[in-house]
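Here is the structure we will look at, set down as structure tokens.
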């Protein structure tokens, strides 16, 4: 006679046999000469997370096309020299002009842990000059390019701190950046330009016309080398975009906090930076908050990478772009 106990034992045996052969979407890999990176992958999208330098996104690609900029010469990988600059999907926190330098977070090693089939957590070291513990959680959707990036700042010191999360993503240049501006902006032209004048940074709120900068339908577009390397905006739509010459549209979505203070020097909610049209930096800010000892704040971005034919006339259909952004969920 076959009993219920028999069926339970048979089920346990089958589970025991099947578990070792289960396929996980997270795998430890060496990427661009960096060991112990963690790769997340589905049928279309590949993400590589790097705990070696700065706890960043090293690769974000769809069907073999990586949107992120990377130059190994900056990082001492080829010749073992000192790290000059961190590339690819960087993250940071501020206020940068007030806090001590954050080299341990930006250039130091992180601890990476696989937390699920499509998710990874990276945890920073703690610089005792700042007493901030940074945790970054990444989760790739199992069926699409959607990548959720959450940065959490925890005050491990014994005094209150004013902090905000910041994303500093480098993408490959040659494309068109798209950043909504605020029709009721505090800035006279809807954006502020940062210019280097005799070694000093000057913020220009009434700047001259630049042929590679334009505003259409309340979206600031930059099309190449500009007089001002950085622009800050105080938009409230909660997204930024970039059209790559590789026929990709990179979209970032994030929450705008209407009633919270923003801590960048101009109280901006977003900024862009570019260098000689080789690199673009896509930068949303989280709001600045008072963080008591033992407490945390966090900021979440949702990344999407969509096919989009690069417009030869440099005039993307902004209505279509906004429609695509709205559909990204």
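Just so you know, in region 114-140 the residues that are surrounded by fewer than 15 Cβ atoms within 10 Å (Cβ to Cβ) and in contact with a strand residue (DSSP E or B) (Cβ under 9 Å, 6 or more places away or on another chain) include one that is farthest from residue 250 (Cα to Cα), and it is 125. I'd like to know if region 95-105 contains one or more residues that are touching a helix residue (DSSP H, G or I) at 6+ places or on another chain (Cβ under 6 Å), more than 30 Å from residue 42 (Cα to Cα) and surrounded by fewer than 19 Cβ atoms within 10 Å (Cβ to Cβ). No, that holds for no residue.
With the requirement that a residue be closer than 28 Å to residue 97 by Cα and out of contact with any strand residue (DSSP E or B) (no Cβ under 6 Å at 6 or more places or on another chain), what does region 202-219 give you? Of everything in region 202-219, those that are closer than 28 Å to residue 97 by Cα and out of contact with any strand residue (DSSP E or B) (no Cβ under 6 Å at 6 or more places or on another chain) turn out to be 206, 208, 210. The sole residue among 104, 58 that is modelled with pLDDT of 95 or more and out of contact with any strand residue (DSSP E or B) (no Cβ under 8 Å at 6 or more places or on another chain) is 104. Residue pairs whose Cβ atoms lie under 6 Å apart, sitting 6 or more positions apart in sequence or on different chains, and linking a residue in region 200-226 that is surrounded by fewer than 18 Cβ atoms within 10 Å (Cβ to Cβ) to a partner that is assigned to a loop (DSSP other than H, G, I, E, B) and at pLDDT below 90, are 210/227. The single condition among (1) touching a helix residue (DSSP H, G or I) at 6+ places or on another chain (Cβ under 8 Å); (2) modelled with pLDDT of 95 or more that residue 78 does not meet is (2). For region 47-83, enumerate the residues that are assigned to a loop (DSSP other than H, G, I, E, B) and within 18 Å of residue 171 (Cα to Cα). Answer for region 47-83, where residues must be assigned to a loop (DSSP other than H, G, I, E, B) and within 18 Å of residue 171 (Cα to Cα): 53, 54, 55, 63, 64, 67, 69, 70, 71, 75. One residue is enough: does region 286-307 have a residue meeting the conditions surrounded by 15 or more Cβ atoms within 10 Å (Cβ to Cβ) and in contact with a helix residue (DSSP H, G or I) (Cβ under 9 Å, 6 or more places away or on another chain)? Yes, region 286-307 contains at least one residue that is surrounded by 15 or more Cβ atoms within 10 Å (Cβ to Cβ) and in contact with a helix residue (DSSP H, G or I) (Cβ under 9 Å, 6 or more places away or on another chain).
The values are calculated or read from the model by the stated rules, or taken from the named source; none is laboratory data. Here the structure is a predicted model, which means the values were calculated and not measured. Note that we place each Cβ from the backbone using ideal geometry, even for glycine, and neighbour counts take in every protein chain shown.
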